[in-house]
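Colleague: I'd like to ask you about the structure that follows.
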Amino acid sequence: MKATAVRVRRALAMRSGDGLLRGAVWVLLALVLATLVGQLTGAGGRPDAIVGPRLQPPGSGWLLGTDNLGRSLLPRLLQGIGTTLLLSTLAVACTAVISTALGVVAGYRGGRTAELILRIGDVLYSFPAIVLAVLVAAVLGPGRTTALAAIVLVTVPLMTRMVGVAARAVARREFVTAARISGVSAPTIMLRHILPNVAGTVAVQGTYALSVGILVEGGLSFLGYGVQLPDASLGLLIQEGGLYMVGAPWLIVAPGVVLVAAIMAINLVGDSLRDRFEPRETRSLV
Amino acid sequence: MTVGTPPLLVIDDVVTEYRTATRVVRALDGASLTAGRGETVGIVGESGSGKSTLGLLTGRLLPSGTRCPRGRVLVDGESVLDLPPDRLARLRRERLAFVPQDPIGALDPTLRIGRQLRLALRDTPADLAALLEQVRIRDPEHVLRLYPHQISGGMAQRVAVAMAMARKPALLIADEPTAALDSQVREEVLRLLFTLAAENGTTVLWLSHDLGGVARWCARIAVMYGGRVVEDGTTAEVLSAPQHPYTGALLAADPARAKGGTRLLTIGGTPPVLSDDPQGCVFAPRCDSAGEDCPAVRPAPRTVAGRTVLCHHPGGTPETVPARKESAR
Amino acid sequence: MSEPVLELDDVRVVFKRGRGHTVTAMDGISFRIAAGETLGLVGESGSGKTTTGAVALGLRRPTSGTVRFLGAAQGRRRPRGARAGAVQAVLQNPHWSLNPRLAVADSVAEPLAAVEAGRLRTHHPAALRILDQVGLPASFAQRLPHELSGGQRQRVAIARALITRPSFIVFDEAVSALDVSVQAHILNLIHDLQTEHRFAALFISHDLAAVRYLAHRVAVMRTGQIVELADAHRFYTAPRHPYSRQLLETL
């Protein structure tokens, strides 16, 4: 009797964990699909078309309401999601390449090379993300490139450190020592032995970097340093919505909900990736 | 075992199965072992022979998803497998103690040694420094303030022994406590463990693959294979004249016992992984003295030369092989 | 006696530990190993035997003293490149002795690819031949390490070490983590392969029994020094140094 009850409870726990992950994947898929459909078919209308009176609550002609110029929010939101996702994905791809290269070299070489790479990372990491981003904006001027560069600069240090630590652990393994004794060249060792064994860490850290990237893009655009009008991004929409928060709360609620949902979903996927990749790795690190 | 007093530990024909979603692995297949108060028993066998499961079973510490469809385990007359959680907790707390294989891993890395000892001995008033002194740790006050990663493996193992022996347990289960240590440190920890056990009248089950160590420290030896205790008797007798062919093969494979110039005898094949009731003797496929009945009839315990043996043809020792060529030496 | 394969002459290795603090890991170590001979190196952890292994392999440069390999002093620069393939090692932990993401045949082929260039796959036939010699059939070639037992992994590690026909192999605690019966298989295998291939071997272990089985001569290390170096038979029957006697008590 008792055993059955326990088993049922355990099964339920398992289900809910799985369900959460499945939900997260669905949310992300839905967001990507929505932007694709929105951009390709023009569903919901053109983002810059004036469709009705200003600051209208959601209604039949404008499913999510209208903004201060009378444009429908829905197409702007779809465009905004697209901009934000594309920008942060691109930036995180850059980060992944840079961090993996630096991390693997630092992990394998150790000594001064590692010290140098990781120290520079630490200095960058010690700045609050948004301050760093604003600094970049001050140098490059506002715009998409700035947002991209800022995301890369903010996410590189942490990811380099994580990959570096993982690579260090792999580099200490017997099979790497054996390869060195056999006279295998350093680049080959890094590519053949270290890289495949830190791939899990790269994937996990990549998802976290993606959520940080979305946040940074939002923050920059909110402050006016990122994506510029008349383009839309989630951050920009939230900034605009903030101005009319009292009279037209739907303008901030819709992009805000999308932003939170996207970040939560990405983090959930990252957690499950970590559970899948790292239990073996972390346990054996001790 | 003293005649008249009931044995401290009785493991009687226990079957234990680990169940995963896809398959069932039978770790114990009718294992039986009895140990009296103050007895020292070495349990030897290859990995997968079921000795760790046997150790965990004694405190019902098996992972969830494990089932024991048959057999019983009595510690001090209490049936471990049927106890309600609170009584089980009390039994573990008051009578049992474990010394783990990996001492540093078994200590909480975030707590200082002193704090861990205090937590482990919650309601036993104890002088922690004296406790550490008992296991020959110099400057115990200093060690109490350290974190587990700051002490050596040998030191951690001594702390683990101190922790285990602090409550003067009736039964101590040590799962290869010294596998990770150097020979000299290993010998020291073992001396400590068995001396303290003797002082407190503690029964020791030492799960080991160090035949030499068992010979030095344990009065009795139980050899496990395929989830059963296949030979159980006085250490000196079992090691000098093994009755079960597996014991003989194990001894022949031990380089510590090999005579100079002879080749180590190896056991062909691999240990079995059981999933349900096996037919016959599970050692038969690897056994040199197996007869026709061996693969068909499951051996029952029988008494041979003053010990319990699970074999149809006890005493059949594998033949010796020709000496190694001198030029190779 | 023939020309030694490896010769260490008065080698010292000193580590710097923090400010002005030094540790002498090797203190005037001298020994030579001839072709077909095994030198057993025993001692507790911290005695310097691991460092000695690293120096013998050319992984670490001595602070002073000379290391001669096949008569040639070890160069100042790139000590390993010149010896690639002539020196190999079988290391302790069977769990990590192989790259978990490389198939067995690739792992075994790697040292040969490093010496003769070419892709790993071009050396698969040689890898299969040597796997057969260590008792692993061709069906193992495409397996990944996690599909093997500890003993099988150590066989693969030995095959890997043998494929370049090295003149010197270091075994660093190569059987310590194995079960007794598996250990016996591997010890026999190493013995047979040495008889056949005539490589010189440094067998580092804290397990005196395993050393007795394989070694022709035994060196005992303690705090960076060799306290006794003797013929194996003499060492095990009549150890001279008190520390050796202490070690042998536990055998």
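Laboratory data are not the source of any read-out in this text; all were calculated from the coordinates shown. Just so you know, these numbers come straight off a predicted model, no measurement behind them. We place every Cβ from the backbone using ideal geometry, glycine too, and count neighbours over all the protein chains shown.
Colleague: Please compute the average number of Cβ atoms from other chains found within 10 Å of each residue's Cβ in peptide C:89-99. Provide the component values of the computation, followed by the final result.
Modeller: Numbers: counts 6, 2, 6, 1, 4, 1, 3, 9, 5, 4, 13.
Taking the mean over all residues of the peptide, I get 5.
Colleague: Cβ neighbours within 10 Å, averaged per peptide: list C:194-200, C:152-158 in order, most packed at the top.
Modeller: On the way: C:194-200: 17.4, C:152-158: 25.7.
Taking the mean over residues of other Cβ atoms within 10 Å, the ranking is C:152-158, C:194-200.
Colleague: For C:184-194, what's the mean count of beta carbons from other chains sitting within 10 Å of each residue's beta carbon?
Modeller: Taking all residues of C:184-194 together, the mean is 4.
Colleague: For a quick check: with amide H placed at 1.01 Å from N, whose amide H comes under 5 Å from B:Gly42's, ignoring anything fewer than 5 positions away on the same chain?
Modeller: Result for B:Gly42 returns B:Trp206, B:Arg220, B:Ile221, B:Ala222.
Colleague: Please turn the phi angles of region B:135-146 into ³J(HN,Hα) values with the Karplus equation 6.51 cos²θ - 1.76 cosθ + 1.60 (θ = phi - 60°), one per residue in order, whole Hz, x for glycine and proline.
Modeller: Taking θ as phi minus 60°, the curve returns 9, 6, 9, 6, 6, x, 4, 5, 4, 4, 8, 8 Hz for region B:135-146.
Colleague: Per 10 Å bin, what is the whole-percent P(r) computed from every C-alpha pair distance within chain C?
Modeller: Pairs per bin, as whole percents: 7, 30, 35, 21, 6, 0.
Colleague: Specify the angular offset, from 0 to 90 degrees and rounded to the nearest 10, of the alpha carbon long axis of helix A:111-126 from the longest principal axis of the alpha carbons in chain A.
Modeller: It is inclined by approximately 20 degrees.
Colleague: Would you mind computing the Rg to Rh ratio of chain B from its alpha-carbon coordinates, Kirkwood style for Rh? Write down the numbers at each step before the final one.
Modeller: Working: Rg = 20.9 Å, Rh = 21.1 Å.
Computed over Cα atoms, the ratio is 0.99.
Colleague: Which residue, C:Phe69, B:Ser208, B:Leu192, has the largest displacement toward the positive end of the dipole of the protein assembly as shown when charges sit on each Cβ (Lys, Arg +1; Asp, Glu -1)?
Modeller: Looking along the dipole axis, the top candidate is C:Phe69.
Colleague: Hey, another quick one. With θ set to phi - 60°, apply the Karplus curve 6.51 cos²θ - 1.76 cosθ + 1.60 along region A:144-154 and write out the HN-Hα couplings as whole Hz, x wherever there is a Gly or Pro.
Modeller: For region A:144-154, the Karplus curve yields 5, 4, 4, 4, 4, 4, 5, 4, 4, 5, 6 Hz.
Colleague: Rounded to the nearest 0.05, what FRET efficiency is calculated for C:Val14 and B:His142 with R0 set to 41 Å and r the Cβ-Cβ distance?
Modeller: Working: r = 28 Å, r/R0 = 0.69.
The pair C:Val14/B:His142 has a calculated efficiency of 0.90.
Colleague: Also, quick follow-up: Would you mind ranking B:Lys51, C:Lys16 by Cβ crowding within 10 Å, fewest neighbours first? List each step's numbers first, then the result.
Modeller: Values: B:Lys51 29, C:Lys16 9.
Placing the least packed residue first, the sequence is C:Lys16, B:Lys51.
Colleague: Can you tell me the orientation of helix C:124-133 relative to chain C, as the angle in degrees between its alpha-carbon axis and the longest Cα principal axis, to the nearest 10?
Modeller: Value to nearest ten degrees: 60.
Colleague: Quick check for me: using +1 on Lys/Arg Cβ and -1 on Asp/Glu Cβ, what's the dipole size of region C:99-165 about its Cα centre, in debye to the nearest 20? Provide the component values of the computation, followed by the final result.
Modeller: Values: 9 positive and 5 negative charges, 6 e Å.
In debye, rounded to 20, region C:99-165 gives about 20.
Colleague: Something else: Which order, highest average first, do A:238-244, B:297-303 follow once you tally other Cβ atoms within 10 Å for each residue and take the mean per peptide?
Modeller: A:238-244, B:297-303
Colleague: About the Cα centre, and with charges only on the beta carbon of Lys, Arg (+1) and Asp, Glu (-1), how big is the dipole of region C:144-251? Nearest 20 debye, please.
Modeller: Values: 11 positive and 10 negative charges, 61 e Å.
With Lys and Arg at +1 and Asp and Glu at -1, about 300 debye.
Colleague: Under the classification rounded if a/c is under 1.5, otherwise prolate if a/b is larger than b/c and oblate if not, where does the protein assembly as shown fall, given a ≥ b ≥ c as square roots of the Cα gyration tensor eigenvalues?
Modeller: On the way: a/c = 2.13, a/b = 1.53, b/c = 1.39.
Because a/c hits 1.5 or more and a/b exceeds b/c, the protein assembly as shown counts as prolate.
Colleague: Go through region A:80-93 residue by residue and turn each phi into a ³J(HN,Hα) via Karplus (6.51, -1.76, 1.60, θ = phi - 60°); whole Hz please, and just put x for glycine and proline.
Modeller: With coefficients 6.51, -1.76 and 1.60, one gets x, 4, x, 4, 4, 4, 4, 4, 6, 5, 4, 4, 5, 4 Hz.
Colleague: With N residues in region C:99-165, what two-decimal value do you get for its Cα radius of gyration over 2.2 N^0.38 Å? Intermediate results must be reported in sequence, preceding the final value.
Modeller: On the way: Rg = 10.5 Å, N = 67, 2.2 N^0.38 = 10.9 Å.
Its radius of gyration relative to the 2.2 N^0.38 Å reference: 0.97.
Colleague: Count the lysine pairs in the protein assembly as shown whose Cα atoms sit under 27 Å apart, keeping only pairs 8 or more residues apart in sequence or on different chains.
Modeller: Value for the protein assembly as shown: 4.
Colleague: How big is the charge dipole of the protein assembly as shown about its Cα centre, in debye rounded to the nearest 20, if each Lys and Arg gets +1 on its Cβ and each Asp and Glu gets -1 on its Cβ?
Modeller: On the way: 93 positive and 70 negative charges, 272 e Å.
Rounded to the nearest 20 debye, it is 1300 debye.
Colleague: Need the C-alpha centroid separation for region B:193-250 versus region B:132-152, integer Å.
Modeller: Spelled out, the Cα-based centre of one part sits 31 Å from the other.
Colleague: Quick check: the distance between the Cα centres of region C:1-59 and region A:199-213, to the nearest angstrom?
Modeller: Result: 44 Å between the Cα centres.
Colleague: Can you grab the distance from the C-alpha centre of region A:68-120 to the C-alpha centre of region A:28-42, Å, no decimals?
Modeller: 22
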